[in-house]
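The values are calculated or read from the model by the stated rules, or taken from the named source; none is laboratory data. These numbers were taken from a predicted model, which means no experiment stands behind them. With ideal geometry, Cβ positions are generated from the backbone for all residues, glycine too; neighbour counts draw on all protein chains shown. These accessible areas exclude ligands, DNA and RNA; they are computed on the full protein's heavy atoms, side chains included. Shrake-Rupley method; radii C 1.70, N 1.55, O 1.52, S 1.80 Å.
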Amino acid sequence: MRRLDNIDIRLLRVFVALADARGFAEAQIVLNLSQSTLSTHLAELEKRIGAQLCLRGKQQFRLTEIGQATYDAAQQLFLDLDSFASRVSSASGKLS
């Protein structure tokens with residue numbers, strides 16, 4: 001994957017929400033997005049990464065091996081982003 005842009009981070013957030021919800025139905029509620037929008041976002045992320053991230057169907061939603069690796073890396077990325085924001089906020093004298 002190339003350098004991350006804001007859209008990549010947004011797509012990763014959608015993917016993590018889908019994985020946490022274990023499918024589209026719950027993620028639709030959490031993200032307030034339609035199933036087709038979620039599907040489009042997931043397809044775009046898979047295109048950008050170059051691999052299928054999950055197996056999905058009417059009765060299943062399961063991460064592939066690369067999907068699990070992407071999920072784990074995204075979770076770490078979000079922790080790092082939160083840590084960065086906290087450190088910058090502390091350095092500037094603002095409450096975080």
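How long is the gain from Ser36 to Ser89 if the chain were fully straight, where each residue apart is worth 0.36 nm and the alpha carbon distance is subtracted? Before the final figure, lay out the partial values.
Numbers: separation 53, 0.36 × 53 = 19.08 nm, distance 3.74 nm.
Roughly 15.3 nm would be gained on extension.
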Counting only protein heavy atoms and using a 1.4 Å probe, what share of the accessible area of the chain belongs to carbon plus sulfur, as a whole percent? 52 percent
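Between Gln52 and Gln76, what is 0.36 nm times their sequence separation minus the Cα-Cα distance? Round to one decimal in nm.
Details: separation 24, 0.36 × 24 = 8.64 nm, distance 2.03 nm.
Extra length from Gln52 to Gln76 when fully extended: 6.6 nm.
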Any residue on another chain or 5+ positions along whose placed amide H is under 5 Å from the amide H of Cys54 is listed here as Thr64
Rounded to the nearest whole Å², what accessible area per residue is found for region 1-42 with the 1.4 Å probe? 61 Å²
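Between Ile7 and Gln59, what FRET efficiency comes out of the Förster formula 1/(1 + (r/R0)^6) with R0 = 30 Å and r the beta carbon distance, rounded to 0.05? Before the final figure, lay out the partial values.
Values: r = 31 Å, r/R0 = 1.03.
Using R0 = 30 Å, I get an efficiency of 0.45.
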